[in-house]
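Structure, as structure tokens:
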Amino acid sequence: MSRLEIDSPSRADIVIEGLYKDLERRIESSPPGLCPVDMARAFLELCHAQTCGKCVPCRIGLGQLNHLIKDVLDGKATMETLEVMEETAVSIMESADCAIGYEAANMVYKGLIGYRDDYIEHIERGRCICTYSQPVPCVSLCPARVDIPGYIALVRDGRYADAIRLIRKDNPFPTTCGFICEHPCEARCRRNMVDDAINIRGLKRVAADFAGEVDPPACADSTGKKVAVLGGGPCGLSAAYYLQLMGHQTTVFEMLPKLGGMLRYGIPNYRLPKERLDDDINSILKTGVEVKYGVKVGTDITIQEIQKEYDAVLIAVGASTDKKLGLDGENAEGVLPAVEFLRDVGMNHIMDLTGKEVAVIGGGNVSMDAVRTAKRLGAKKVSIVYRRRIADMTALYDEIEGAVAEGIEMQTLKAPASIDVDENNHVKGIYVTPQMVSAIKEGRASIRPTGEEDIYIPCDVLIVAIGQNIETKHFEDAGVPVARGKIVTTSTGAFKDMPGVFAGGDSASGPATVIKAIAGAKVVAANIDEYLGYHHIITSDVEVPVPNLDDRTPCGRVNLTEREAGIRVCDFEGVENCMTEKEAKQEANRCLRCDHFGYGIFKGGREKLW
Amino acid sequence: MVNLIIDGKQISVKENTTIMEAADQNGITIPSLCYLKGINEIAACRVCVVELEGKERLITACNNVAEEGMIVYTNSPKVRNHRRNTVELLLSQHDCLCVTCMRSGNCSLQKIANDLDILEIPFKKELEHQPWNKKFPLIRDSAKCIKCMRCIQVCDKVQGLNIWDLEGTGSRTTVNVAGHKTIEESDCSLCGQCITHCPVGALRERSDTGKVWKALADKDKIVVAQVAPAVRAAWGEQIGLAPEDATIGKIMDALKRMGVDYVFDTVFSADLTIMEEGHEFVQRFTSGELKNRPMFTSCCPGWIRFVKSQFPQLVRYLSTAKSPQQMFGAAMKTYFAKELGVSPDKIFTISVMPCVAKKAEREMELFYEEYAGHDVDVVVTTRELVKMIRSAHIRPDTLEDIESDRPMQGGTGAGVIFGATGGVMEAALRSAYYIIKKENPPVDAFKAVRSQGFNENNGVQEAEFAIDDITVRTAVVSGLGNTRALLNKIESGEVHYDFVEVMACPGGCVGGGGQPIHDGQELAFERGKNLYYLDENMELRFSHENPDVLKMYEDFFEKPNSHKAHMLLHTEHVE
């Protein structure tokens, strides 16, 4: 006789487990703009199916809530229905026995509060205020609205130069973005419903790597107008590129010896090789953009002087100063702001860290850049000191993983308390207060001290990477509105009382991503053009191939591989390997072509010009 | 060229040909519902699915191109099953009470369901009922809508007004007036192009035939009808008469047999319009009033509604002349009533129009001595006329050509071509020349304003004419999307004209929203040719030679643009 049995899942269990995974991916790629009332109904039905049936509030109450939501959707409800719903939801929340019941009711309750307007519109007007407005998920989520299905189809056909031309319609930094874009486009890729998101950034990298040199399109006839662009970062250069294409003579004022801003002086070479950045910059300069190097606005020239000489001025100075910890000893030797540390390396002012211990405070992408750079400069031990958990870090997952692979220590749940300085005013180490994870506040786990004693982390160099600021003083003095350390523009990038002056990039948005800076550049370029009295159109004559009609059988996503960690830490050469052509073709073939299939063919599938 | 096999037939087509077009060129018509070439190629209805050899998923023929080596089946068991299933699904959400549907017998869904021999619907019936104001000239029945999106696309891409849009998301997604407005609140021009492009009966004009029958039954009413020029070019299509047999005289006969007391041809008041508008143009042109902006024609009510909502700043450049419909109505209740020696109250005026917007235009008020009412009492479309003839069980082959009644009988070729894009302009120029030079031009002198094909050159026909040392720059445009583009150019100073004719419907009134419907076909250009043919064969070709118009001036209105003419034949367009 046997007393116990090994459980083996039934066929149904296996299938349903698979379906749960399918549903997870489906929810992840849920298109934006759906009616929240209808979604609440759908979620509630799922929740109700999960009930075990033991307890009254969950077994019956969730079903009744569902009837009430349906009444709202069917135009059979009154404002009283909302009251009944709210009372019922609260009752279930407070009386259900387990989370299956009370969390389901909580979802309904949150919606009743959070999107009450939608409920009321359904009740009072019998109509829904939502419409499906974002047909192609990747394009909708790309701040610059790059024609992603278009260039993926071109890569599939091996038309790499055309892919670059098409990307440049919306983004003059195809190579740069192929290396370092944060790819928000991939987040809701519909392919996720089949298997996994398309490796969009990887395919852009393929286009950039295989295209060779691609000349920019011809500029429109000269308008005789002159535009000054303050700052040669991604926003300034993108705006200069489009303005030059529109026929306006553009001059970029750059305080540093070379162009690129944070792309050159913030992002390390191993992530974005400088010669590849130059590919983009050279193409931009080919349009005839003029550059004045080593000129700092506010020091070497005033904005008033520039305004006199130019028909329009764009402020795109970026976020080039650092945020302070606010601890004593922060000015000691060996304590460096990350921006300055990375800039020095970018300028080839190499610091030898051989045998040294380096600590970096912060959990963002800049922090990862700093630790991995320190490692490459020969440091014996490099640590990240972070108040929260790895899961709470704002850095991209791949960057964290890369750092860990390169031997970076992760000192998490440690809040900097004080800086220890030796008699020569040189940093010796840092005291940190141990933290424990605590309640979720606004969707993020908060922390609180554990009550244990502070821990000492010795270090020879302490790098602070807790955020950047914008040097706003000169602009503020000149009358540019500034609030909370940012230049405050209208949504068009202009100012109410300063005609002809515009702002974009980090200096207007606060520190953000390259692609957001480029998106901002499109906005200001278009509005400067209008301000100057023109209506130039930016477009591309590249014909996008028709979609392939193959069945969409599930196929894994091609991820980019990296050079071996132990070898790559010895140099500053690029870390990531490009796909092979064969891989690229397979990956591009996975694209579902939402511009052609689905809502995209009806509305908003392709914006051919702006 | 691309080589492929469709249904076992080896064929060869040009590159970038869709599978549907490739099949069609080779004698295979793939059924479809939502597809409208160039306007709605969105593969929504899934009726045109075909099977590609080696692929599991079916693809749509309407918007995928034929590729080299493709092997396509348009009628395989799989295709048949899925197509049938899709149509059954559509029927589950369609009000299938065909007997009370205006489109019964001319419905693409009905046809395909019949063709597929669908005799039962296996699904639960789910009809959507949106509220609608049944008094509005345009009526939408949500229970019949199959969400093909054609109305949205026609209004958006052809008419540029975006009156319709999708509303809601998910399973409750539906079509409704855009921006959460009601149709009355919207900027709808009432062109009716959404009606003529609807594959089913979800969109229609308000039926006013009941009002006509009621008036005919009223012994105290003298019922007077007018029939617009474009009606003659299309009514035969729906009643089974060839174009050469479907004459205006037979419409007159039909109306009389239904009980109408007096029948008139709107061609008469088209000539009258030319007299008024022609003189107005010459006066405004020579006074220098048109230096910055042209004078615009005012006979199309869809255009008038459009300009008022979209370009209110241009309203003052409209001709003040009423449309031929309204002028005729005014003449019927004044001049004609006087001739009959009856009070205007006794006269009930009916118009047969190719147009839905005319139903709203008639709301315009008329004041004449003691009379306060309307120029026109009821407007029926060409389609409603045909229904009336059928309901009066008049056999078309028994209809005879009869003349319209006196004293407003005469008509010229210039009035006939009002129904085609460019016709008003050509007619006006023929008479403007005479007004300036006191002699007739060669009758074909202004042919350059005629359209060269349906929507050719984006519906715009520009021309320039020298009359002595005067140069008149003209433009003719049809279709409101085309109109918007042209007006933007005028506003930006890119182009300048002295006189512009606008017709809301592509191709002019012959393509009007009240005309017979032929799913997927644009017949405006062909119908227009019919009108130009009639013009060529008319005895009189110049509006200013219409003897009955001249007599009416002599007996009643004195002269064009006289005080009396202004009171009765002109109107003030208010922004």
Residue count, region A:577-601, condition of a type in the set (Asp, Glu), under 23 Å from residue A:180 (Cα atoms) and crowded, with 19+ Cβ neighbours inside 10 Å, comes to 1
For region A:71-185, give me every one of the helices (runs of 4 or more DSSP H) that falls completely inside it and has 2 or more residues that are at pLDDT below 95 and within 25 Å of residue A:261 (Cβ to Cβ).
none
Among the residues of region A:201-211, are any among the β-branched types (Val, Ile, Thr), in contact (Cβ under 8 Å) with a residue 40 or more places away in the chain and not in a helix (DSSP H, G or I)?
no
Regarding region B:243-254, can at least one residue be identified that is within 18 Å of residue B:42 (Cα to Cα) and either surrounded by 19 or more Cβ atoms within 10 Å (Cβ to Cβ) or outside the structural domain of residue B:478 (by TED's automatic domain parsing) (or both)?
no
From the list A:440, A:430, A:487, pick out the single residue that is assigned by TED's automatic domain parsing to the domain that holds residue A:335, among the aliphatic types (A, V, I, L, M) and either touching a strand residue (DSSP E or B) at 6+ places or on another chain (Cβ under 6 Å) or crowded, with 16+ Cβ neighbours inside 10 Å (or both).
A:430
State whether the residues of region B:238-253 include one that is touching a Gly at 6+ places or on another chain (Cβ under 6 Å) and in a helix (DSSP H, G or I).
no
From A:322, A:369, A:311, residue being charged (D, E, K, R), closer than 20 Å to residue A:265 by Cα and modelled with pLDDT of 90 or more:
A:369
Condition met for residue B:334 (of a type in the set (S, T, N, Q), over 18 Å from the mean Cα position of the chain (by Cα) and either on the phi > 0 side of the Ramachandran plot or not in a helix (DSSP H, G or I) (or both))
no
Among the residues of region A:133-162, what is the count of those that are closer than 30 Å to residue A:41 by Cβ, out of contact with any helix residue (DSSP H, G or I) (no Cβ under 6 Å at 6 or more places or on another chain) and within 14 Å of chain B (Cβ to nearest Cβ)?
1
Given the residues B:32, B:12, which is the only one that is among the small types (Gly, Ala, Ser) and loosely packed, with under 15 Cβ neighbours inside 10 Å?
B:12
State all residues of region B:147-173 that are more than 9 Å from chain A (Cβ to nearest Cβ) and outside any helix (DSSP H, G or I); if no residue qualifies, say none.
B:147, B:148, B:159, B:160, B:161, B:162, B:163, B:164
Taking region B:177-199, which residues are surrounded by 23 or more Cβ atoms within 10 Å (Cβ to Cβ) and either outside any helix (DSSP H, G or I) or within 14 Å of chain A (Cβ to nearest Cβ) (or both)?
B:188, B:189, B:190, B:191, B:192, B:197, B:198, B:199
Limited to region B:357-392, what total is found for residues that are part of a loop (DSSP other than H, G, I, E, B) and surrounded by fewer than 16 Cβ atoms within 10 Å (Cβ to Cβ)?
4
Residues of region B:55-103 satisfying the condition of being among the β-branched types (Val, Ile, Thr), over 18 Å from residue B:3 (Cβ atoms) and either surrounded by 15 or more Cβ atoms within 10 Å (Cβ to Cβ) or within 14 Å of chain A (Cβ to nearest Cβ) (or both):
B:59, B:60, B:79, B:86, B:87
Have a look at A:6, A:60, A:92 and point out the one that is more than 14 Å from chain B (Cβ to nearest Cβ), more than 30 Å from residue A:184 (Cα to Cα), free of Cβ contacts under 8 Å to residues at least 12 places away in the same chain and surrounded by 14 or more Cβ atoms within 10 Å (Cβ to Cβ).
A:60
Do we have any residue at all in region B:296-311 that's among the aromatic types (Phe, Trp, Tyr), buried (at least 19 other Cβ atoms within 10 Å of the Cβ) and either modelled with pLDDT under 95 or within 23 Å of residue B:553 (Cα to Cα) (or both)?
no
Would you mind telling me which numbered condition in (1) within 30 Å of the chain's Cα centre (by Cα); (2) touching a residue at least 60 places away in the same chain (Cβ under 8 Å); (3) surrounded by fewer than 20 Cβ atoms within 10 Å (Cβ to Cβ) residue A:332 fails?
(1)
Restricting region A:176-185 to residues that are surrounded by fewer than 24 Cβ atoms within 10 Å (Cβ to Cβ) and touching a helix residue (DSSP H, G or I) at 6+ places or on another chain (Cβ under 6 Å), the residue that is farthest from residue A:598 (Cα to Cα):
A:183
Within region A:152-174, track down each residue that is touching a Lys or Arg at 6+ places or on another chain (Cβ under 8 Å) and surrounded by fewer than 24 Cβ atoms within 10 Å (Cβ to Cβ).
A:156, A:158
Can residue A:129 be described as out of contact with any Cys (no Cβ under 9 Å at 6 or more places or on another chain) and either touching a residue at least 60 places away in the same chain (Cβ under 8 Å) or within 14 Å of another protein chain (Cβ to nearest Cβ) (or both)?
no
Answer residue from region B:104-141, given it is under 16 Å from residue B:201 (Cβ atoms), of a type in the set (D, E, K, R) and not in a loop (DSSP other than H, G, I, E, B) and is nearest to the other protein chains (Cβ to nearest Cβ) among those:
B:140
Can you find a residue that is more than 19 Å from residue B:44 (Cα to Cα), surrounded by fewer than 17 Cβ atoms within 10 Å (Cβ to Cβ) and modelled with pLDDT under 95 anywhere in region B:166-173?
no
If I filter region A:585-593 for residues that are hydrophobic (A, V, I, L, M, F, W, C) and assigned to a loop (DSSP other than H, G, I, E, B), do I get at least one hit?
yes
Give all pairs with beta carbons closer than 9 Å in which a residue from region A:29-46 that is within 11 Å of chain B (Cβ to nearest Cβ) meets a residue that is part of a helix (DSSP H, G or I) and among the aromatic types (Phe, Trp, Tyr); count only pairs at least 6 apart in sequence or on separate chains.
A:31/A:599; A:36/A:119; A:37/A:119
Got a sec? Which of B:37, B:124 is surrounded by fewer than 20 Cβ atoms within 10 Å (Cβ to Cβ) and touching a Gly at 6+ places or on another chain (Cβ under 9 Å)?
B:37
Just wondering, is there one or more residues in region A:343-351 that are surrounded by 21 or more Cβ atoms within 10 Å (Cβ to Cβ) and in the same structural domain as residue A:482 (by TED's automatic domain parsing)?
no
What is the number of the single condition among (1) touching a helix residue (DSSP H, G or I) at 6+ places or on another chain (Cβ under 7 Å); (2) without any contact (Cβ under 8 Å) to a residue 60 or more places away in the chain that residue B:277 does not meet?
(2)
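The values are calculated or read from the model by the stated rules, or taken from the named source; none is laboratory data. The structure presented is a predicted model; accordingly, all values stated were derived computationally and were not measured. Every residue, glycine as well, gets a Cβ built from its backbone with ideal geometry; the counts of neighbours run over all protein chains shown.
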